[in-house]
Amino acid sequence: MAKLIYSAIASLDGYVEDKQGRFDWAAPDEEVHAFVNDLERPIGTHLYGRRMYETMVSWETVSTGRDQPAVTRDFAQIWQAADKVVYSRTLRAPSSARTRIERDFDPAGISGLKDSSARDVSVGGAELAGEAIAAGLVDECHLFLHPIVVGGGKRALPDGVRARLELLAERRFRSGVVHLHYGLVRG
Ligand SMILES: NC(=O)c1ccc[n+]([C@@H]2O[C@H](COP(=O)([O-])OP(=O)(O)OC[C@H]3O[C@@H](n4cnc5c(N)ncnc54)[C@H](OP(=O)(O)O)[C@@H]3O)[C@@H](O)[C@H]2O)c1
């Protein structure tokens, strides 16, 4: 059975975007980017909220010429090769290949996808992932905490949900980013 994995790059106080909707402070440097690429490489299907999809879809058309950094070319290939499901009640059509739209978040459907997938499934951004965590569907979580406090905005983890976590791994990067890999404890 495939795992459902939530990954987020957040401020130390737990926000994926600040009150102005900015997340430029969350841009990964080359070292973090290469690590993220290795996490994303085995993913077969990405479940995206519409807002995260609108950010990520630029990877469909990003330049992959030799003038681009190796981590950029690598991630573009990884992203383009994966299937995507976009959750949205407003988006009329996807603008990337291997992509379909779902109008409703159906926990039973996602459970079925986990059962039938040979490769792991990811979920993001924060709003959609919060619904998946609340529904008990998320198996693992990767948080990349940046050394910045932004004071408010969009929380990486949902309000109103209690969950116990087991630390599976951690790593520190030269930039001061810390990676925390947790498993969600069932029962
Ligand atoms: N920290 C970082 O490194 C980083 C990286 C990339 C992006 N971001 C930003 O972080 C922000 C995350 O925002 P977010 O958490 O609001 O985004 P999100 O979860 O990606 O998208 C929210 C949207 O998903 C759709 N949706 C959610 N639940 C649904 C459901 N049950 N049924 C159908 N559609 C559903 C809705 O789209 P509709 O309104 O179309 O119905 C909703 O407005 C974005 O601005 C993203 O660009 C941060």
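When the range 83-121 is limited to residues that are aliphatic (A, V, I, L, M) and in contact (Cβ under 8 Å) with a residue 40 or more places away in the chain, the one that is nearest to Gly44 (Cα to Cα) turns out to be Val121. With surrounded by 14 or more Cβ atoms within 10 Å (Cβ to Cβ) and of a type outside the set (Val, Ile, Thr) as the only criterion, which of Met52, Met1 stands out? Within the list Met52, Met1, the selection yields Met52. From the list Thr99, Thr90, the lone residue that is of a type in the set (Ser, Thr, Tyr) and within 11 Å of the ligand (Cβ to nearest atom) is Thr90.
For (1) farther than 30 Å from Pro147 by Cβ; (2) within 15 Å of the chain's Cα centre (by Cα), each residue gets a yes or a no:
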{"residue": "Tyr6", "(1), (2)": "no, yes"}
{"residue": "Arg22", "(1), (2)": "no, no"}
{"residue": "Ala26", "(1), (2)": "no, yes"}
{"residue": "Gln68", "(1), (2)": "no, no"}
{"residue": "Val71", "(1), (2)": "no, no"}
{"residue": "Thr90", "(1), (2)": "yes, no"}
{"residue": "Asp106", "(1), (2)": "yes, no"}
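Residues that are among the hydrophobic types (A, V, I, L, M, F, W, C), within 11 Å of the ligand (Cβ to nearest atom) and in a loop (DSSP other than H, G, I, E, B) within the range 20-63 comprise Phe23, Ala27, listed in sequence order.
Using beta carbons and a limit of 8 Å, which pairs, at least six apart or on different chains, have the first residue in the range 158-175 and hydrophobic (A, V, I, L, M, F, W, C) and the second one assigned to a loop (DSSP other than H, G, I, E, B)? Hits for this filter: Phe173/Asp29.
Across the range 28-54, the number of residues qualifying as of a type in the set (Val, Ile, Thr) and without any contact (Cβ under 8 Å) to a residue 24 or more places away in the chain comes to 0. A count restricted to the range 1-27 and to residues that are among the basic types (Lys, Arg) and free of Cβ contacts under 8 Å to residues at least 24 places away in the same chain stands at 1.
Bear in mind that the values in this text are calculations on the coordinates, not laboratory data. This is a predicted model, so every value here is computed, not measured. Note that we place each Cβ from the backbone using ideal geometry, even for glycine, and neighbour counts take in every protein chain shown.
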